[in-house]
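Take a look at the structure set out below.
What follows is calculated from the coordinates using simple rules that are stated; it is not laboratory data. Not measured: the values here are computed from a predicted model. So basically every Cβ, Gly included, is an ideal-geometry build from the backbone, and we count neighbours across all protein chains shown.
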Amino acid sequence: MNRRAFLKSAGAVAALGAVPSIVRAQAKEVKVGYILPVTGPLAFEAQLSLNGLQLAVDEINSAGGIKALGGAKLTLLPGDTQNKVELGNSEAARLIDQGISVLIGPFSSLVAYSVRQVAEKNKTPFMLLAAVADNLTEGGLRYVFRVQPNGKAMSTLTMNNMLEMGKAASTPIKRVAMMHEDGNFGTTMGNHVEAFAGKLGYALVQRIPYSLKSPDFTAELSKIKASKPDLLVISGYYGDSKIIAETAAKLRIGVHALVGLANAAYSNPKFIADNRDLTDQLFDGNYWHNPQSPRAKAVFAAYEKRFNSTLTSHGVQAYTVIGVLKDALERAGSTDRDKLRDALSKTNLADHILPQDAIKFDDTGENINATPALLQVQNGRPVVVGPARFAEAKPVFPVPKWHG
Amino acid sequence: MTADLLLQAVVSGLLLGGVYGLVASGLSLVFGVLRIINFAHGAVMMLAMYTTYWLFTLAGIDPYLSIVVTGPLFFLIGMAIQRVVIEPNRFAAEHNQLLLTLGLALFLENLALVLWQGDFRSVRPSYAGASFVVGEALVEVPRLIACGGAIVMALALFAFLRLTDVGKAIRALSEEPEGAMLMGIDVGRIRAVAFGIGAGCVAVAGALVTPFFYVAPDVGESFNIIAFVVVVLGGMGNFVGALLGGFIVGLAESLGATLLPGSLKQLVVFGLFVLVLLFRPAGLFGGGRDR
């Protein structure tokens, strides 16, 4: 009998009433605090995350709660950041005062960078949601955990996926051009793509940062066309990414593929629905679920039934974070923040819906196996085409339409 | 740097320049007549783009055809805004009027955010992807139509200002407000008409760009800031100057993107702006009064 099986049977015995006094003495509730920008400009996206949290919490509670805590239920305590740093800090502090065992959030990297200090000072595990900036886990903090890939993992693994695909299709990718928005997000991605050029064996022939407010990219893309790249990588938001794809198509840009890097448009179902012919066969390296997982299918169905919309990658992340939390609570057998933190750091969770191996954290709190999926729009739907073992369809590569 | 790239930069710069010119014309006209800097100009453009989007999405009306609805509609909306918001503050200090239009812009943008959320929308009619090649330069059909439409609209407006009584009254008011009043011109009405025309111009510009652009609550900002540069370049209140200024800024932007690395094209535009303010503060083509 291994340790986990022992705990399970011990828990079962406890639940059957062998030691009823102890069970009654334990907390019947685990307070889970979240801070999200549920009002303000990011309200729509924040709601998608919140839906994912709620779905996971209700699923766990209706299946009998946390068994190691005598069936304690998870209770979500809300905090609204409005995407502001000072509100993030004060809401986090308020929730910690209310006795939460763990803090989840806060969507934006800027808010996260500040809140992580509040969590650290109060020795409260802080599970990041959506925030991608690499530096959030830097600085020797012990209480920060991040399940999804950070900017570095996102860019290097996406580039790697594309290079592998090129090799498999006997159309090697040697020359890469990149366009990225000139804010924090795009610049971080651009820096990684540039830094990894030598290591991954491609040449970055053009790197063009641009302002989100620019209404025309013909001159920039003409310059890229003249440098004859094999691949055009784009890190941007919705409007700019649309104009870039449109102009690239008209210019007959002559690359083997257009690939988004954490792009806000290229795997966005709404963008694809609005721009069917334009989006066909676009690639995007982004957060996603594992389409091979039967459990993912069940989660999608449950979400659809409850919220009458399709589960998004934000919801998948949130759902997964609660799963990781549950696993840690079962092993910690306590709502104590320090015990929970130690249990989180020893996470080795294979039962999840992400396109990756077991979720494990390194010393800084990053999920060492975190992987973005490589998606391609096929028949009006983003499908996973890489990494190969999670793929649900074969990639179309090279893409003929970009050659005109 | 090859000749092909330069040719492409000139073509795409001129195509966008026409739209800049039309947006700036409305702004310039409003400044000439009302002597206010209208920060809400871009927000009105955004509302017109949403109108175009909804007409296309709900009623299937072609974006260009929808101009016959959006143009007059926003002319009336502009007149109403002037009557209700601007006119009562006509004698307020200049900085207060500035804050007033800025507040109006914020109000309209947030109204759009409440009504239609922050997500981006796009209109994609069948001809959105159409293009042809001249020499080695690509010409995108929707951008060509937008530029042509902007020029036609600007010329029509120019003729209106030259040939009709209302147009002459607008010019009179812009050149000599007190004289105009003494001549028996109903200056209150003319101010409202001028503001309405400004809003109508930017609404037409909004409809013209929608097929190759996207719609979002803050979309007007992309054009608004450029329009200020254009207006200063062409001379505050100078209507023709605004159109020419539009072409100059469009060219400067795309040549900047071709010749300079990265996001420096914005630098070219705003560098030009500072230079004009330093050496030709009345604009390249003179102010409205000596037009």
ask   = About its Cα centre, how strong a charge dipole does the protein assembly as shown have in debye, to the nearest 20, once Lys and Arg get +1 and Asp and Glu get -1 at the Cβ?
value = 1360
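Rounded to the nearest 0.05, what FRET efficiency do B:VAL85 and B:LEU264 have when you use their Cβ-Cβ distance and R0 = 51 Å?
0.85
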remark   = With R₀ set to 22 angstrom, the calculated FRET efficiency between the beta-carbons of A:ASP363 and A:ALA63, to the nearest 0.05, is 0.10
inquiry  = Please list, short to long, the whole-number percent of alpha-carbon pairs of the protein assembly as shown in consecutive 10 angstrom bins beginning at zero.
reply    = 3, 14, 22, 21, 17, 12, 7, 3, 1, 0, 0
ask   = In debye, nearest 20: dipole of segment A:237-384 around its Cα centre with unit charges on the Cβ of K, R (+) and D, E (-)?
value = 400
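Would you calculate a helix-derived [θ] at 222 nm for chain A, using -39,500 (n - 2.57) for each DSSP H run of n ≥ 4 and dividing by the full residue count, to the nearest 500?
Helix-only estimate at 222 nm: -13500 deg cm²/dmol.
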inquiry  = Along the charge dipole of segment B:56-187, pointing to its positive end and built from +1/-1 on Cβ of Lys, Arg, Asp and Glu, which listed residue (B:LEU102, B:PRO88, B:PRO72) has its Cα farthest out?
reply    = B:PRO72
request  = Can you give me the P(r) profile for chain B? Cα pairs, bins 10 angstrom wide beginning at 0, each as a whole percent.
outcome  = 7, 28, 36, 22, 6, 1
query = Where nothing but the Cβ of Lys and Arg (+1) and of Asp and Glu (-1) is charged, how large is the charge dipole of chain A around its Cα centre, in debye to the nearest 20?
reply = 800
inquiry  = What lysines does A:LYS28 reach when the alpha-carbon gap must be under 23 Å and sequence neighbours fewer than 8 apart in one chain are set aside?
reply    = A:LYS8, A:LYS67, A:LYS73, A:LYS123, A:LYS326, A:LYS339
Cα extents of segment B:146-291 along the three principal axes, largest first (Å) = 56, 38, 25
request  = Please give every one of the aspartates and glutamates within straight-line cross-link reach of A:LYS225, meaning a C-alpha to C-alpha distance under 12 Å, and leave out same-chain neighbours fewer than 8 residues apart.
outcome  = B:ASP4
query = Per-residue ellipticity at 222 nm for chain B, helices alone: DSSP H runs ≥ 4 residues times -39500 (n - 2.57), over residue total, nearest 500 deg cm²/dmol?
reply = -24000 deg cm²/dmol
request  = Along Cα→Cβ, 7 Å out, is where each label goes; now give me the distance between the ones at B:ILE225 and A:ASP97 in nm to one decimal.
outcome  = 4.0
note = Between the residues B:PHE160, B:LEU58, A:GLY254, the Cα farthest towards the positive end of the dipole of the protein assembly as shown, that dipole coming from +1 and -1 charges on the beta-carbon of Lys, Arg, Asp and Glu, is from A:GLY254
query = Angle between the Cα long axis of helix B:165-175 and the longest principal axis of chain B, 0 to 90 degrees, nearest 10?
reply = 80
Principal axes of segment B:1-60: Cα extent on each, largest first, Å = 44, 39, 13
query = Of A:ARG116, A:ARG175, A:ARG306, which is the most mobile in a GNM of chain A whose springs link Cα atoms less than 10 angstrom apart?
reply = A:ARG306
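Highest mean first, what order results for A:131-139, B:20-28 on Cβ atoms within 10 Å?
Answer by packing, highest mean first, reads B:20-28, A:131-139.
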query = Dipole of chain A (Lys/Arg Cβ +1, Asp/Glu Cβ -1, origin at the Cα centre): which of A:VAL193, A:VAL399, A:GLY386 lies farthest to the positive side?
reply = A:GLY386
Förster radius 35 Å - calculated FRET efficiency between B:LEU275 and B:ALA92, Cβ distance, rounded to 0.05 = 0.60
message = Students often get this wrong: which residues of segment A:38-82 have the backbone nitrogen under 20 Å from the point 7 angstrom along Cα-to-C-beta of A:THR310?
response = A:44-53, A:55
ask   = Given labels modelled 7 Å from the Cα in the Cβ direction, how far is it in nm from A:THR187 to B:LEU58?
value = 4.2
query = By how many nm would the segment from B:TYR127 to B:THR2 lengthen if fully extended, with 0.36 nm per residue of separation less the alpha-carbon distance?
reply = 42.0 nm
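Summarise the long-distance tail of P(r) for segment A:350-404 by giving the % of C-alpha pairs beyond 13 Å.
67
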inquiry  = Looking at chain B as a GNM with Cα springs under 10 Å, which of B:THR101, B:THR258, B:THR164 has the largest mean-square fluctuation?
reply    = B:THR164
J(HN,Hα) series, segment A:255-262, from Karplus relation 6.51 cos²θ - 1.76 cosθ + 1.60, nearest Hz, glycine and proline x = 9, 6, 6, 9, 10, x, 10, 6
